[in-house]
Amino acid sequence: QVQLVESGGGLVQAGGSLRLSCAASGDISSIIIMGWYRQAPGKQRELVATASRSGTTNYADSVKGRFTISRNNAKNTVDLQMNMLKPEDTAVYYCNGRTLNGNYWGQGTQVTVSS
């Protein structure tokens with residue numbers, strides 16, 4: 001079992017920045033990929049960014065150049081630095097841990113970007 005706890009998020013004006021953090025506990029060694037997903041009202045959950053254990057990263061086209069994911073294997077954390085935020089970035093952001101046995105999710109944290 002893996003537990004994921006997010007922190008950060010909140011309300012920010014367009015053009016501003018926020019940083020999300022996620023701490024993993026439990027069967028840490030089983031986590032292959034850690035990442036962030038988001039879900040806006042009325043929309044499906046979508047990938048934002050992922051980071052492998054070796055440091056390979058992947059970003060959604062909509063956030064490239066604005067968001068940066070960083071994974072710390074020693075601390076079992078994954079952060080998401082979000083810059084130049086836009087109103088369309090408003091969503092609940094979920095931390096994800098992918099293992100060979102399936103996916104684990106955090107409880108989600110709200111990010112609201114006002115125009």
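The values are calculated or read from the model by the stated rules, or taken from the named source; none is laboratory data. This one's a predicted model, so the numbers in the text were calculated from it and none came from an experiment. FYI the Cβ positions are ideal-geometry reconstructions off the backbone, even for glycines, and counts take in every protein chain you see. Side chains are part of the model used for accessible areas, which takes the heavy atoms of the whole protein and leaves out ligands, DNA and RNA. Shrake-Rupley method; radii C 1.70, N 1.55, O 1.52, S 1.80 Å.
Points worth noting:
- Here is the figure for the stretch 13-65: residues that are more than 13 Å from Ala91 (Cβ to Cβ) and touching a residue at least 60 places away in the same chain (Cβ under 8 Å) total 15.
- Residue pairs whose Cβ atoms lie under 6 Å apart, sitting 6 or more positions apart in sequence or on different chains, and linking a residue in the stretch 104-115 that is farther than 10 Å from Gly8 by Cα to a partner that is outside any loop (DSSP other than H, G, I, E, B) and among the small types (Gly, Ala, Ser), are Tyr104/Gly97.
- Total residues in the stretch 53-73, condition under 20 Å from Trp105 (Cα atoms) and aliphatic (A, V, I, L, M): 2
- Of the strands (runs of 3 or more DSSP E) lying entirely inside the stretch 44-89, the ones with 1 or more residues being among the β-branched types (Val, Ile, Thr) and in contact with a Cys (Cβ under 9 Å, 6 or more places away or on another chain) are found at 77-82.
- Checking each residue in the stretch 40-52 for being open to solvent by 10 Å² or more (accessible area, probe 1.4 Å) and of a type outside the set (Val, Ile, Thr) picks out Ala40, Pro41, Gly42, Lys43, Gln44, Arg45, Glu46, Leu47, Ser52.
- Residue that is farthest from the chain's Cα centre (by Cα), among those in the stretch 53-71 that are open to solvent by less than 60 Å² (accessible area, probe 1.4 Å) and modelled with pLDDT of 95 or more: Arg66
- Residue in the stretch 78-89 that is modelled with pLDDT under 95 and open to solvent by 60 Å² or more (accessible area, probe 1.4 Å) present: no
- Just so you know, in the stretch 12-33 the residues that are farther than 22 Å from Tyr59 by Cβ and open to solvent by 40 Å² or more (accessible area, probe 1.4 Å) include one that is modelled with the lowest pLDDT, and it is Ser29.
- Which numbered condition Tyr37 fails, given (1) in a strand (DSSP E or B); (2) out of contact with any Gly (no Cβ under 9 Å at 6 or more places or on another chain); (3) open to solvent by 70 Å² or more (accessible area, probe 1.4 Å): (3)
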